[in-house]
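Engineer: Let me give you the structure first, and then I'll get to my questions.
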Amino acid sequence: MGFIEALKKGNTSSGVAALGNTALAGGKGLAAVFSGSGTMFASSMHSLADAVNQGFVYFGSVLAERPASEKFPTGFGRVINIFCMVAVIVVTIMAYETIKEGWHLLVEPKESEGFWVNMIVLIAAFVVDGAILLKAMKEIAKETSADKSEGVIKSAFTNVKNAAPATRLVFYEDLVATSSAVLAIIGILLAQFFGVLRADGVASIIIGLLMLFVAFRVGYDNMIGLIGVSAPAEVKDKITKLLLEREEVVDIEHIRMIQEGRLYHVEGSIELKKGITLTEADDIKYKMKELLLRQPEVADVILATIEDEGVLDKQEK
């Protein structure tokens, strides 16, 4: 696989988000230097953290798509979890700096300049971050095969836990980024028109706390991903339903599904009707494996067949 082909396999949401937030971080940083606004500084730190993280995660998602090898037979899916954990450290550091700056402005409030510069940059940030957030929502719907009748927004919040680690990171970060732009606008408006200078510091602290929430949420998701977490109930239900739809399959003796990055490894044993020959059983097994491997969320399948024990274990037809 060539370099360009490998990049195309990376997580689209994180790649687009990295480019968008790089531009935003530069614009906000210049506005913060020009105006002295603490809220703008906090927002620029947030965009910088997002740009670094999402770029880092994008390249992690490219590496995670490498095929399995003899040395790494289960593939490289969990590489993305490692990259996301490093991204969490970056977010935490930026959150600390943001909260510290907000506290200074709360204790010693000061009047900022360049009102219109700040407003234009923040409105642009809201539009760009909102567009990235919408793309991440659409990516969640695509990755989780969500019900389209729910709508993009509701579907994203409902199914984000089942999305790829990189997509989850982009969703949470840009959800906070969009909210931060709104908070920053409110803080600047209060300081400019109502003389509430401490609003600048309060907004900065809230933005920093939201960044800490992202760090905790993403950190927890990727920690359990590194340990090895079982598939969500809905994914298990989908796979077991496919297995039980075949007429010769009477029951599922056991099934285990482990998540690797955005994909799942399936291991199980199915019970077949009595009287089926070994040749027929092998044929059924291979066809069932092919069926499962055609599912976009399945990486590999280990399937065994046994004769019906006469007792339903876990599933009923």
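What follows draws every value from the coordinates through simple rules; no lab data is involved. Treat the numbers as computed from the prediction; the structure is a model and nothing was measured. Cβ sites come from the backbone with ideal geometry, for glycine too, and all protein chains shown count toward neighbours.
Engineer: From the C-alpha gyration tensor of the chain, pull out the three semi-axes of the equivalent ellipsoid (sqrt of 5λ each), sorted largest to smallest, in whole Å.
Structural biologist: Values: eigenvalues 485, 64, 46 Å².
For the chain, the ellipsoid semi-axes come out as 49, 18, 15 Å.
Engineer: A further question on this structure: Over the chain, with a Gaussian network built from C-alpha contacts below 10 Å, which listed residue (ALA177, ALA51, ALA131) shows the highest mean-square fluctuation?
Structural biologist: Judging by the Gaussian network model, the answer is ALA131.
Engineer: Follow-up. Would you kindly state how much longer the chain becomes between ILE186 and LYS110 on full extension, computed as 0.36 nm times their sequence separation minus their alpha carbon distance, in nm to one decimal?
Structural biologist: Contour length minus the Cα-Cα distance gives 25.7 nm.
Engineer: Find the centroid of the Cα atoms in the stretch 33-68 and in the stretch 183-213, then give the distance between the two in whole Å.
Structural biologist: About 21 Å separates the Cα centre of the stretch 33-68 from the one of the stretch 183-213.
Engineer: Under a crude label model (7 Å from the Cα following the beta-carbon direction), how far is GLU245 from LYS142 in nanometres?
Structural biologist: Computed distance between label sites GLU245 and LYS142 equals 2.4 nm.
Engineer: Exposure proxy check: LYS274, LYS238, LYS135, LYS154 ranked by fewest other beta carbons within 10 Å?
Structural biologist: Final ranking by Cβ density, sparse to dense: LYS274, LYS154, LYS238, LYS135.
Engineer: Continuing with the same structure: Under the Karplus relation 6.51 cos²θ - 1.76 cosθ + 1.60, θ = phi - 60°, what is the ordered set of whole-Hz ³J(HN,Hα) values for the stretch 59-64, x standing for Gly and Pro?
Structural biologist: 5, x, 5, 5, 5, 5
Engineer: Hey, which of these cross-link pairs are over 21 Å Cα-Cα: LYS238/LYS289; LYS238/LYS285; LYS236/LYS287; LYS142/LYS287; LYS236/LYS285; LYS71/LYS285?
Structural biologist: Working: LYS238/LYS289 14 Å; LYS238/LYS285 18 Å; LYS236/LYS287 19 Å; LYS142/LYS287 26 Å; LYS236/LYS285 18 Å; LYS71/LYS285 27 Å.
Check vs 21 Å cut-off fails for LYS142/LYS287; LYS71/LYS285.
Engineer: Give me the one-decimal nm value for the distance between modelled label points at LEU226 and TYR96, 7 Å along each residue's Cα-to-Cβ direction.
Structural biologist: Here the modelled spin labels are 1.8 nm apart.
Engineer: Please list, ordered by chain and number, the residues whose modelled amide H lies under 5 Å from the amide H of GLU253; skip anything fewer than 5 residues away on the same chain.
Structural biologist: SER269, ILE270, GLU271
Engineer: For a footprinting-style exposure proxy, rank TYR172, TYR286 by other Cβ within 10 Å, fewest first.
Structural biologist: TYR286, TYR172
Engineer: Order 255-264, 223-232 from most to least packed using the mean count of other Cβ atoms within 10 Å. It would help to have the intermediate numbers written out before the result.
Structural biologist: Values: 255-264: 20.2, 223-232: 14.8.
Peptide ranking by packing, descending: 255-264, 223-232.
Engineer: Still on this structure, I have one more. State, to one decimal in nm, how far the label point of PHE157 lies from the label point of LYS274, with both points 7 Å from Cα in the Cβ direction.
Structural biologist: Once both label points are built, they end up 5.4 nm from each other.
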